[in-house]
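Report on the following structure.
Please treat every number below as a calculation from the coordinates, not as lab data. Keep in mind that this is a model prediction, so the values were computed, not measured. When we count neighbours, we look across all protein chains shown, and the Cβ atoms used for this are built from the backbone with ideal geometry, even at glycine.
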Amino acid sequence: MKAQELKDKTPDQLKDQLVALKKEAFNLRFQQATGQLESTARMRAVRRDVARVKTILNQKAAEAAASN
């Protein structure tokens, strides 16, 4: 997922994306605990995607606060 794709989304869409990513992260942690996880690299990618979404949300909030 690229940052530019996220910048084009609305805050509501970003929040939905964040919820989906957190669910995926939970499922990956569960799979790892039970020994069923096949791709450990996916955990890292999901963590980074969560960070990207949070960063863009914070940037949009800062822009909205600055414009008021």
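Taking Cα pairs under 8 Å and at least six residues apart, what relative contact order does the chain come out at, in percent?
The normalised contact order for the chain reaches 47 percent.
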Worksheet item: Using only Cα atoms, what Kirkwood radius does the chain have, in angstroms?
Response: 13.0
Fill in: Lys pairs, the chain - Cα-Cα below 13 angstrom, 8 or more residues apart or on other chains
9
Item to complete: Place the peptides 34-42, 11-19, 50-58 in order of packing, highest mean first, counting for every residue the other Cβ atoms within 10 Å and averaging per peptide.
Response: 50-58, 11-19, 34-42
Practice prompt. Would you kindly derive the ³J(HN,Hα) couplings of region 13-21 from the backbone phi angles with the Karplus curve 6.51 cos²θ - 1.76 cosθ + 1.60 (θ = phi - 60°), listing them in order in whole Hz, with x for Gly and Pro?
Written response: 5, 5, 5, 4, 4, 4, 4, 4, 5
